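The values are calculated or read from the model by the stated rules, or taken from the named source; none is laboratory data. This one's a predicted model, so the numbers in the text were calculated from it and none came from an experiment. Here the Cβ positions follow ideal geometry from the backbone for every residue, glycine too, while neighbour counts run over all protein chains shown.
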Amino acid sequence: MTNDQLKKLENDLWASANSLRAYGGLKAADYAVPVLGLIFLRFADNKYSQFETKILEDHKTDKGTRLERTIEAIALANCGFYLPDYARYDYLLNLPGDQSMAKALRKAMEGIEEYQDEKFKNVLPKEAYFDIEKKKADILPQLLKSFSDIPKDATGDVFGKIYEYFLGEFAMSEGQKGGEFFTPTSVVRFIVEVIEPYAGKIYDPACGSGGMFVQSAKFVQEANHDLSDIYVYGQEYMGETARLAKMNLMVNNIRGEITEVNSYEGDPYGSLGRFDFVMANPPFNVKSVRESTVKNDARFYKYGLPKNKGKNTDDSITDANYLWISLFATSLNDNGRAGFVMANSASDAGNSEYQIRKKIVDSGMVDCMVSMPSNMFFTVTLPATLWFFDRQKVNSSRRDKILFIDARNTYHQINRAQREWTEEHIQNLAAIVRLYRGETKRYLELITHYEQQAVECIQQLPVCFDDFHRKLTNGLVNLKQYAAESKSKRKAAEQRKLAESGLMQKLEEFTLPEVALPSFGWQLDLPTDNTGQLEFTVILAAYGNVLKEVDATLKTQKERFAEIWTEADKLLKVKSDKSWVELGLNNLVKALDELQQTWKNAIDQVDFWYTNIHWLQSRFPEAIYTDVVGLCKLADKQEYADEQDYSLNAGRYVGVDNESDDISNEEFLQRISLRNRELDTLTEQSSMLYKIISKSINDMLG
């Protein structure tokens, strides 16, 4: 299944499910879990079908031997669960209309859980289906029918993406509440790329629906590692969300445990110094935690508690942000890495928070700080910051250095209210981190990957060019042929009108200059060294410029021909003449538009990969880390401790790229001066308005 096919399927499924939600008068909060349960059922049936032949064969082979096992045990060993007949999707899909679908679904869910490990029991939704059935009896059968559109050969990866897509859509529907169980995929992807959880124990004490674990699993698989190399541990305060996370693990075949617990109060996994990786998007700025809850817990007090000083005897913590930060830091083992989302305010927080931050920074574990764009989350529009810890860094030459990246201007606008990082944004930002770590080889491998993508796109160009160019040239030839052959079919008045228009002369004089698609100048193997890659990029840039010239020529030719064809469609075409259709002249401009767009998309793809290569090479021409104004800065202890007093705000370090708008420093200063004068004027106006309003109120009050 291609990405476009998957996207269409996701959109169609969501549209169908969402229309039924509106039809039944249901809220997204009531609807999310049962719908995701139906997606799980479809996934379970697909996966079970793929293993069913082997399950039956193994059962037949072992029967009567000392190795004999129940069919349920064989199924669990092969695909992770057993499906009784009454839990099969086709059985439910074809359930007679006089039977309760809610009862059938409850029985199906109970049948699947019956043979699961204890930790995966009481996870699947059951009673919620009765609430839906009470609203409208036909909603559940229609939903089952909608999800039957998921192809029977769809893999677990496809289901994982559909599941994740629905989680995201439900999160958007729920607004503030939705963000409690879903962190946008692109944010999680970047965290995973930086901390690289290839193998080991992964911990998320605010796991929501388990998105951090899903992206970790994808990272492991893409790196050709085995999923059995990781084991995940999640804690989630909300019971329903914890069940979503457990379903997510089952859908994606991830080993692990999810515990329903308040992480401030409970520590079910003995997290102190235990984990290889910590990932999280905790709730921001929580002020309801009591000091008595955490003051005797080493997970929180090692670096100090965020508590107001003085005679204030209030038992409340000032802000839980630094409780979370401390929890992440203390949960790492000696080689552990952490990546988490945090409110921007935590980067510069003062008082007791400052003291905690100072201790954590002085420990040497703070590896990287990334400022994010605004509008990346469903819950808040303000930008957040990504923090990264690395315990291994403490014993390296990077101990007293911190990498700051300002990625606030790096994003793709999904819609008016939502932004994301594309896969290339993620890889390019991660490349900066890898160069900082001295991993030049991986940087070069990324450039090589982009080169390969560009070459593959270039290889698609001849077909797109030939289709468009041939249609254009043949269209002109056929139009001239039709003009010559149709004269006798035209009435005298029509022929006279045609002659007066001058169309025939324009058509006779119109020619299409020869246009050829140039060959790509690089005939060697793709370079893997920096010098060769820079040379490749120069040739790619030149080729891209030639493509733009060819495109401009084709565009001009097509537009001129389209004018003539449009006129011919009105004056030259004889009504009901089959020859017009047989010569391929009917709706010719529309066909040309489509082929032109395909061609344009093809050359845009070449330019897309060139742009990504250039973005990296123009900033890191030597394939080694270097500070880039407005983007990244490697700060030493003097800078972050002495000069910036332990601020972890990337904007303080990277500066502003004055050249990003192609303006000089002098022009930049002039703009700032102008804005400052405008601010002074607005301030004066504000002061005057304040005085007028104040006087009016005083006069009214006497």
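Any idea how many residues of the stretch 355-383 are modelled with pLDDT of 90 or more and either of a type outside the set (Ser, Thr, Tyr) or on the phi > 0 side of the Ramachandran plot (or both)? Number satisfying all stated conditions: 17.
Hey, could you check the stretch 117-138 for residues that are buried (at least 21 other Cβ atoms within 10 Å of the Cβ) and not in a loop (DSSP other than H, G, I, E, B) and say which is modelled with the highest pLDDT? Among those residues, the one meeting the criterion is Tyr129.
Out of Glu68, Glu110, one residue alone is free of Cβ contacts under 8 Å to residues at least 24 places away in the same chain, within 20 Å of Ala128 (Cα to Cα) and surrounded by fewer than 19 Cβ atoms within 10 Å (Cβ to Cβ). It is Glu110.
Does Phe81 satisfy being assigned to a helix (DSSP H, G or I) and aromatic (Phe, Trp, Tyr)? In short, no. If the condition is being of a type in the set (Lys, Arg) and either under 34 Å from the mean Cα position of the chain (by Cα) or part of a loop (DSSP other than H, G, I, E, B) (or both), then the stretch 84-116 contributes Arg88, Arg106.
When the residues of the stretch 71-89 are filtered to those that are among the hydroxyl-bearing types (Ser, Thr, Tyr) and at pLDDT 90 or above, the one that is surrounded by the most Cβ atoms within 10 Å (Cβ to Cβ) is Tyr89.
If you filter the stretch 215-235 down to residues that are aliphatic (A, V, I, L, M) and under 10 Å from Ile254 (Cα atoms), you find that the one that is modelled with the lowest pLDDT is Leu227.
Yes or no: the stretch 366-376 includes at least one residue that is under 20 Å from Pro306 (Cα atoms) and surrounded by 21 or more Cβ atoms within 10 Å (Cβ to Cβ). Checked the stretch 366-376: at least one residue is under 20 Å from Pro306 (Cα atoms) and surrounded by 21 or more Cβ atoms within 10 Å (Cβ to Cβ). Screening Leu429, Leu435, Leu479, Leu446 for residues that are surrounded by 16 or more Cβ atoms within 10 Å (Cβ to Cβ), over 29 Å from the mean Cα position of the chain (by Cα) and hydrophobic (A, V, I, L, M, F, W, C) leaves exactly one candidate, Leu479.
On the given criteria, is Phe300 under 27 Å from the mean Cα position of the chain (by Cα) and of a type in the set (Phe, Trp, Tyr)? So Phe300 does not fit the description; no.
Considering the stretch 226-270, the residues that are of a type in the set (Phe, Trp, Tyr) and assigned to a strand (DSSP E or B) include one that is surrounded by the fewest Cβ atoms within 10 Å (Cβ to Cβ), namely Tyr231. Considering the stretch 398-506, the qualifying strands (runs of 3 or more DSSP E), each wholly inside and each with 2 or more residues that are touching a residue at least 40 places away in the same chain (Cβ under 8 Å) and of a type outside the set (S, T, N, Q), run over 401-406, 418-420. Those helices (runs of 4 or more DSSP H) of the stretch 512-629 in which 2 or more residues are touching a residue at least 40 places away in the same chain (Cβ under 8 Å) and in contact with a Pro (Cβ under 8 Å, 6 or more places away or on another chain) occupy 530-571. Among the residues of the stretch 395-419 satisfying the criterion of being of a type in the set (A, V, I, L, M) and surrounded by 15 or more Cβ atoms within 10 Å (Cβ to Cβ), which is nearest to Asp362 (Cα to Cα)? Checking each candidate, the answer is Ile402. Confirm whether Arg652 is at pLDDT below 75 and more than 20 Å from Arg399 (Cα to Cα). No, not satisfied.
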